[in-house]
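Asks: Below you will find the structure I want to go over with you.
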Amino acid sequence: RINEVFDSKVKSLRGLVQITSSHYDTLGLTAPLVSLIRHTVSLAMRESKANWDETLSKEIWAFCMEQMSQCYQSTLIQFPRFPKFFNTDKHSCTLVVTSDASTSIMIMAFLIVFNRDGVAKVNLIQSKTFREAGISTIPQRELHGLALAAQLCRQLVSELAHLLQKFMVCTDAKICVY
């Protein structure tokens, strides 16, 4: 079917590169497929001796179009935005961002969701770990970790504001209190 879409295209290296470069995958889920497509383009480049306007063989064109078809089909997968039990009512969640920097800086963001029965479910929504070589003392790491946690919290609050009842940034370091 994809051959029908690109039938009007000149079956040259230039046309092949235009078609294969048109695929855009924001999450990188199709990276393995795109890698195979790039390999096929390199084979086409060898076959045409890097002449952009030379007509490619039917076999390599059809093979690459089949690869592109598989790539486009993989983008039809749909992921649910929220789990089934998730309550999407306004102000029904609490965001908790934690920071710990005793060995390396670890920041975790949890979304506590209350369903319609009032039962809470805790979901880990993001986790970051940093190894800061330039920061040698624990108090400096703790303060740096708390600053990064606050930045992450600000970003998540801007994205999830309509769901949040409240948000908290927590740390176990007493140095951050002073």
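The values are calculated or read from the model by the stated rules, or taken from the named source; none is laboratory data. Small disclaimer: the values here were computed from a predicted structure and weren't measured. Quick reminder, even Gly has a Cβ in these numbers, built from the backbone with ideal geometry, and neighbours come from all protein chains shown. Areas reflect the complete protein model, heavy atoms only, side chains present, ligands, DNA and RNA absent. Shrake-Rupley method; radii C 1.70, N 1.55, O 1.52, S 1.80 Å.
Asks: So if R0 is 45 Å, what FRET efficiency would Val157 and Arg14 give, r being the distance between their Cβ atoms, rounded to the nearest 0.05? Kindly include the intermediate steps, with their values, before the conclusion.
Replies: Details: r = 47 Å, r/R0 = 1.05.
Step by step, r from the Cβ atoms, then E = 0.40.
Asks: When we measure straight from the Cα of Lys58, which aspartates and glutamates land under 15 angstrom away, once same-chain ones fewer than 8 places off are left out?
Replies: Glu4, Asp7, Glu47, Glu66
Asks: Please report the relative contact order for the chain, taking Cα pairs under 8 Å with a sequence separation of at least 6, and give it as a percent rounded to a whole number.
Replies: Working: 233 pairs, mean separation 36.3, N = 178.
Over the chain, the number comes to 20 percent.
Asks: Moving on to the next point. Name the residue farthest towards the positive end of the dipole of segment 95-147 from the options Ile112, Ser136, Ser99, assuming +1 on Cβ of Lys and Arg, -1 on Cβ of Asp and Glu, about the Cα centre.
Replies: Towards the positive end, the residue furthest out is Ile112.
Asks: Among (1) 1.59; (2) 1.18; (3) 1.04, which is the computed Cα Rg over 2.2 N^0.38 Å?
Replies: (1)
Asks: Please compute the per residue accessible area over the chain with all protein chains in place, 1.4 Å probe, rounded to a whole number of Å².
Replies: Working: 11840 Å² over 178 residues.
Value for the chain: 67 Å² per residue.
Asks: R0 = 25 Å: FRET efficiency of Val96 with Ser35, Cβ-based, nearest 0.05?
Replies: Calculated value: 0.05.
Asks: List the residues, sorted by chain then number, that are 5 or more residues from Val169 or on another chain and whose placed amide H is less than 5 Å from its amide H.
Replies: Result for Val169 returns Val97.
Asks: Measure off, as a whole percent, the carbon and sulfur share of the 1.4 Å-probe accessible area of the chain, all protein chains present.
Replies: Values: 6740 of 11840 Å².
It is 57 percent, rounded to a whole number.
Asks: Another question, then. Could you pull out every whole DSSP H run in the chain that spans at least 15 Å of Cα extent along its own axis and averages 0.0 or higher on the Kyte-Doolittle scale?
Replies: Values: long enough: 31-47 (24 Å, 0.60); 58-74 (24 Å, -0.43); 138-160 (32 Å, 0.30).
The qualifying helices are 31-47, 138-160.
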